Amino acid sequence: MRGLQRLQIETLSDNAAMLRSAARNGFVREGVMRSSAWVMGDFLDEVLLGLLVQDWMHDSKVSVAVRPSHEGECDEVQAISAGLPGSSSVEMTHAR
């Protein structure tokens, strides 16, 4: 996709499957947001992972479905961790 600069994943710190999958696909652990997610009556930590275009591994198995946006808005990533357990969200930075 032209102009794609960055993919970002935010997932619970205990979501081992997502963390392994992200690492296998070139994502870098960029930080921890302490006690940022309210889950079943407790605050849990979330891990922030990022993948920059220049770090992209050409043999990566990451699949990204992108829904085109309206004029002036960022495209939206539909799915990147389909089928993996736990809670994760994905964001992307896209330059027009």
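The values are calculated or read from the model by the stated rules, or taken from the named source; none is laboratory data. Everything quoted here is computed from the prediction, not taken from an experiment. Positions of Cβ are generated from backbone atoms using ideal geometry, with glycine treated the same way; all protein chains shown enter the neighbour counts.
Contact annotation: residue pairs with Cβ atoms under 9 Å, 6 or more positions apart or on different chains, pairing a residue in the range 32-43 that is of a type in the set (D, E, K, R) with a partner that is at pLDDT 95 or above and in a strand (DSSP E or B), are 34/43; 34/45; 34/46; 42/35. Number of residues in the range 7-35 that are surrounded by 15 or more Cβ atoms within 10 Å (Cβ to Cβ) and part of a strand (DSSP E or B) equals 6.
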